[in-house]
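Asks: The structure that follows is given in the form of structure tokens.
The values are calculated or read from the model by the stated rules, or taken from the named source; none is laboratory data. Just so you know, these numbers come straight off a predicted model, no measurement behind them. So basically every Cβ, Gly included, is an ideal-geometry build from the backbone, and we count neighbours across all protein chains shown. What goes into the accessible areas is simple: the full protein's heavy atoms, side chains included, and nothing from ligands, DNA or RNA. Shrake-Rupley method; radii C 1.70, N 1.55, O 1.52, S 1.80 Å.
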Amino acid sequence: MKSIDHIPTNKLQRASKLVKTGAKVGVNYVKYYGEKVINPSLTKEKLNENNAEDIYDSLKSLKGSALKVAQMLSMEKNIMPRAYVEKFSLSQFSVPPLSAPLVRKTFKRYLGKYPEDLFDTFTAQSVNAASIGQVHKATLDGKKLAVKIQYPGVADSISSDLALVKPIASRMFNLQGKGKEKYFKEVEDKLLEETDYTLELAQSMEMVSDCKLIPNLIFPTYYPEVSSERILTMDWMDGEHLSEFVAHNTDQATSDQLSQALWDFYMFQMHRLKRVHADPHPGNFLVDKDANLIAIDFGCIKHVPEEFYVPYFELAEKKNINNPEVFKTKLFELEILREDDTPDQIAFFSALFHEMLSLFTEPLHLEEFDFSDSTFFDKIATLSEKYSKDTEIRKMNGNRGSKHFLYINRTFFGLYNLMHDLGGRIKVKNFEKYAYTPQVA
């Protein structure tokens with residue numbers, strides 16, 4: 001794959017790139033409708049493929065928050081057309097890397113030395129390039145290391161990228177009124193945190209310490225002495241990306257073991273730590289030769305405040321879902337229902353969320369759950385399709401719900417997708433046996 005020497009960083013350059021991409025998408029539509037006149041049976045499959053390729057090619061050259069959006073969208077398997085999911089999933093670990101001179105320049109700026117002066121060996125060519133940074137192999141004192149280097153200008157371009165996205169997102173999700181800014185601020189804050197490798201280093205070491213008792217779950221060791229705000233060094237972990245592993249695995253016992261480790265990891269974080277790895281996509285997990293799950297990225301950690309955690313999980317309880325008064329009260333507490341809603345809006349959103357939560361919380365209501373059973377995911381796909389075609393939803397103001405829903409729901413959707421990919425059978429409450437003792441500062 002050809003490396004790149006320059007990333008557009010200023011607002012004008014990045015906006016120009018997106019405008020050119022929009023023009024390409026427009027041409028694709030013109031071609032599609034022209035061909036459909038000749039061939040009425042033509043589907044949108046080819047159109048989706050062309051659009052996905054043009055949009056992804058643009059985003060991968062911009063990197064940063066623009067490419068992070070593609071990564072997030074690739075997880076929406078029940079919403080996005082297949083062509084977009086397949087193309088955008090490349091953003092998880094397959095994008096053009098930085099050139100060797102740009103890598104050396106980054107080291108000199110943030111660690112004061114070139115990589116060859118810091119490590120015994122250092123591979124100039126990256127082995128993995130994603131949305132915010134790329135990974136190189138290195139060795140030091142007999143240890144194999146993974147060195148993550150952030151792309152230049154990523155942090156500086158986040159605010160301007162989101163400013164370009166805001167009008168589009170507002171139209172797509174019908175966000176109305178001043179309250180919508182809280183959602184954009186939440187996304188901006190989390191993306192900025194992901195560009196702070198000093199913060200990621202601290203979060204990673206803390207998570208490793210807190211979750212080390214969970215069986216079949218392992219982590220790299222991190223090295224502060226060769227890390228900085230834009231460079232992060234950790235152990236090199238041998239294993240396959242989760243998506244590569246599930247493509248060939250046929251052993252149910254292995255699926256069950258990995259699924260239980262993944263489920264316990266997330267439930268322990270959510271219910272014990274009240275902070276959670278909120279970026280659950282296949283590129284952030286490896287599987288080693290002993291069927292251990294390896295977690296390798298803690299740049300996106302969502303802290304779950306008590307005032308959100310309590311009503312959120314009370315709302316997930318079956319007895320509360322089926323109690324209209326309690327259900328309605330919790331919807332107000334979570335800002336899904338608003339004081340300025342009309343009776344029709346209250347009735348509409350109460351029914352919508354009752355249907356949605358009755359389905360999505362099914363795994364939480366059982367002692368055991370089989371994620372290899374496609375029935376549950378078929379129902380999710382059917383419900384997603386129903387909502388996508390509901391004209392009433394499009395008319396309703398999408399500006400509702402606590403800002404914390406953004407990353408907590410993203411976490412659960414991502415987790416469910418990974419669990420389905422693994423296809424394992426798990427004990428839902430198994431995580432409760434692992435005690436957590438808060439660290440004393």
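Asks: How many Å² of accessible area per residue for region 272-410, probe 1.4 Å?
Replies: Values: 6460 Å² over 139 residues.
Ligands and nucleic acids excluded, the result is 46 Å² per residue.
Asks: How many percent of the accessible area of region 210-360 is carbon or sulfur, using a 1.4 Å probe? Each step should come with its number before you reach the end.
Replies: Working: 3260 of 6190 Å².
About 53 percent, which is the carbon plus sulfur part of the accessible surface.
Asks: When only alpha-carbon atoms count, how far does region 371-441 stretch along each of its three principal axes, as whole angstroms with the largest first?
Replies: Here the Cα extents, ordered largest to smallest, are 50, 36, 16 Å.
Asks: Amide H of Gly401: which non-local residues (sequence gap of 5 or more, or other chain) have their own amide H closer than 5 Å, using H built in the peptide plane?
Replies: Amide H neighbours of Gly401, under 5 Å, 5+ apart: Ile336.
Asks: If you put +1 on each Lys and Arg Cβ and -1 on each Asp and Glu Cβ, how big is the dipole of region 275-385 around its Cα centre, in Debye rounded to 20? Each step should come with its number before you reach the end.
Replies: Working: 9 positive and 23 negative charges, 20 e Å.
The dipole of region 275-385 has a size of about 100 debye.
Asks: To the nearest Å, what is the center-to-center distance of region 261-278 and region 322-376, using C-alpha atoms only?
Replies: Cα centroid to Cα centroid, the span is 22 Å.
Asks: Let a ≥ b ≥ c be the square roots of the eigenvalues of the Cα gyration tensor of region 363-404; is it rounded (a/c under 1.5), or, if not, prolate (a/b larger than b/c) or oblate? List each step's numbers first, then the result.
Replies: Details: a/c = 4.40, a/b = 1.68, b/c = 2.61.
Here region 363-404 falls in the oblate category.
Asks: What residues have an amide H closer than 5 Å to that of Leu217, excluding those fewer than 5 places away on the same chain, when H is modeled at 1.01 Å from N in the peptide plane?
Replies: Leu293
Asks: Net charge around Gly179, counting only other residues with Cβ within less than 10 Å of its Cβ (Lys, Arg = +1; Asp, Glu = -1)? Can you show the working numbers first?
Replies: Details: positive: Lys178, Lys180, Lys182, Arg338, Arg400, Lys403; negative: Glu181, Glu335.
The answer is +4.
Asks: Here's another thing I want to ask about it. Amide H of Ser372 versus every other amide H placed in the peptide plane: which residues, excluding those fewer than 5 positions away on the same chain, fall under 5 Å?
Replies: Gly424
Asks: Counting only protein chains, not ligands or nucleic acids, how are Val246, Val154 ordered by accessible area (probe 1.4 Å), most first? Before the final figure, lay out the partial values.
Replies: Values: Val246 40, Val154 5 Å².
These residues rank, largest area first, as Val246, Val154.
Asks: Count the net charge of all other residues whose Cβ sits under 13 Å from the Cβ of Asp141, scoring Lys and Arg as +1 and Asp and Glu as -1. Display every interim value, and only then the final one.
Replies: Working: positive: Lys143, Lys144; negative: Asp120, Glu225, Asp235.
With Lys, Arg at +1 and Asp, Glu at -1, the net is -1.
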